[in-house]
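The structure appears below as structure tokens.
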Amino acid sequence: MAYEITRDYIRTGNSRSGQRIGTVRFIVSHDTGNPGSTAYGNRNYFDNQQPSASAHTFIDDKYILEIIPLSEKAWHVRSNVTGDNSRYGANSNDAAIGVELCHGGKINFQQAYNRYVWYHAYLCDRFNLNPNSDIVAHATLDPSRRTDPINILRTHGISWSMFIDDVAEALRNFNGATPLAPAAPSAPSKPQTSKPPASVVKGTTVSLPISEGDSGPFVRDIQQELIKAGYRLPRFGADGKFGEETENAVMKFQKDNNLSVDGLVGPVTLNRLQEVNHQRVSASDFPLPSGVYRRGDQGNAVKQIQRALKQINFNPGSIDGIYGPNTEDAVKRFQSMYKALADDGIYGPNTRKYIRMELDD
Ligand SMILES: [Zn+2]
């Protein structure tokens with residue numbers, strides 16, 4: 001099984017310095033911590049927003065998307081952590097490829113995971129790395145701040161060692177069933193007969209602005225961002241087609257955010273949309289009750305639910321501790337983002353789990 005790799009690089013700026021990376025010594029595995037945000041959603045966020053952080057590759061159920069050339073540095077691990085230096089003798093940003101798993105929302109986890117595994121094997125093959133020693137989780141390097149991707153894998157019943165085994169298995173397929181050398185600092189290089197994996201460069205490029213009449217995965221991303229920001233698309237939902245309903249939602253969003261109201265999604269509107277949806281917070285600031293709550297309930301637990309919903313931009317009205325129609329509506333809107341949740345407006349363990357994921361960075 002081979003997958004396509006799409007190379008669609010972001011422009012240079014804070015996220016992409018253009019500095020050359022040295023010898024690639026290892027891989028740092030991440031997840032985006034932003035449920036529902038797709039590979040292209042991330043690409044466009046980094047391209048427009050240019051935060052001082054980045055990763056080389058974003059993977060969802062449709063794309064393996066390299067947004068920074070593998071010959072350049074990306075900023076995916078804080079340089080003051082020491083685990084990378086002690087393990088590999090280098091800062092991650094100077095010697096590692098950063099790979100992000102996109103998950104949640106409408107992303108099919110299994111499809112995304114299969115691509116994530118395959119791509120790690122591809123990198124091991126390309127840079128002659130050993131999965132057992134040369135792949136490290138971001139959480140392992142920066143345990144006080146990060147849980148990625150160990151937490152999200154665990155949520156899906158995959159332990160770190162299972163993941164590594166899956167990568168090793170995929171790599172054996174690249175090599176034509178040659179067993180891997182055991183982990184050792186000076187493991188001999190793999191047989192030179194290993195064939196490079198088949199990859200097709202598609203290079204889809206999206207040009208802004210996006211407007212009525214456009215369609216495709218990028219339009220669907222925008223629609224999902226609109227829904228997340230509280231602009232409902234009740235008739236057609238996130239269908240990937242930019243019609244009148246989407247245009248009206250865009251104009252309403254522009255009006256609410258004091259942008260010029262033209263119904264076109266250009267860089268300014270896209271930035272603002274992503275700003276509204278991608279604020280990074282800590283889940284520990286937003287405790288959530290573990291029971292079941294519904295319309296008519298009152299009290300501090302309801303207040304906690306309201307605070308969390310507000311934080312992730314599902315406005316529940318006033319934070320009054322009363323589970324009224326506005327709170328119920330916010331819960332429904334949130335639930336409508338996830339296939340796994342019934343859109344019943346009732347807060348329970350499942351909804352709690354997804355709200356926590358959304359809060360988690
Ligand atoms: Zn990370």
- For segment 48-105 and segment 291-335, what is the separation of their C-alpha centers, rounded to whole Å? 36
- Query: How large is the charge dipole for the chain, taken about the Cα centre, if only the Cβ atoms of Lys, Arg (+1) and Asp, Glu (-1) carry charge, to the nearest 20 debye?
  - Reply: 380
- Answer rounded, prolate or oblate for segment 283-359, using the Cα gyration tensor with square roots of eigenvalues a ≥ b ≥ c: rounded when a/c is under 1.5, else prolate when a/b is larger than b/c, else oblate. rounded
- In percent, what relative contact order does segment 217-277 have, based on Cα pairs under 8 Å that are 6 or more apart in sequence? 33
- Task: Return one number: the angle in degrees, 0 to 90 and rounded to the nearest 10, between the long axis of the Cα atoms of helix 267-277 and the longest principal axis of the Cα atoms of the chain.
- Result: 80
- Task: Report ³J(HN,Hα) in whole Hz for each residue of segment 320-330, in order, from the Karplus equation J = 6.51 cos²θ - 1.76 cosθ + 1.60 where θ = phi - 60°; Gly and Pro get x.
- Result: 10, x, 10, 7, x, x, 5, 5, 4, 5, 5
- Per the Debye formula with a single identical scatterer at each Cα and no solvent contribution, what log10 I(q)/I(0) holds for segment 217-277 at q = 0.19, 0.29 Å⁻¹? -0.57, -1.43
- Note to self: with every protein chain in place and a 1.4 Å probe, the chain gives an accessible area per residue in Å² of 44
- Message: As a test question: what accessible area, to the nearest 10 Å², does Glu244 have when a 1.4 Å probe is rolled over all protein chains in place?
- Response: 120
- What accessible area, in Å² to the nearest ten, does a 1.4 Å probe give for Asp8? 10
- Item | Ranked order, Ile227, Ile5 - accessible area, probe 1.4 Å, largest first | Ile227, Ile5
- Could you sort out which of Lys73/Lys353; Lys73/Lys252; Lys62/Lys332; Lys73/Lys241; Lys241/Lys353 sit more than 32 Å apart by Cα distance in this structure? Lys73/Lys353; Lys73/Lys252; Lys73/Lys241
- Would you please give the residues with an amide H less than 5 Å from that of Ile64, counting only those at least 5 places away or on a separate chain, with H modeled from the backbone geometry? Thr6
- Message: Could you tell me which residue out of Gln49, Leu123, Gly22 lies farthest along the dipole of segment 6-175 toward its positive end? Charges go on the beta carbon: Lys and Arg +1, Asp and Glu -1, centred on the Cα centre.
- Response: Gln49
- Query: Short version: what are the Cα gyration tensor semi-axes of the chain, square root of 5 times each eigenvalue, largest first, in whole Å?
  - Reply: 37, 24, 18
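The values are calculated or read from the model by the stated rules, or taken from the named source; none is laboratory data. All values reported here derive from a predicted model rather than from experimental measurement. Cβ: placed from backbone, ideal geometry, glycine included. Neighbour counts: every protein chain shown. Heads up: the accessible areas ignore ligands, DNA and RNA and are worked out on the full protein's heavy atoms, side chains in. Shrake-Rupley method; radii C 1.70, N 1.55, O 1.52, S 1.80 Å.
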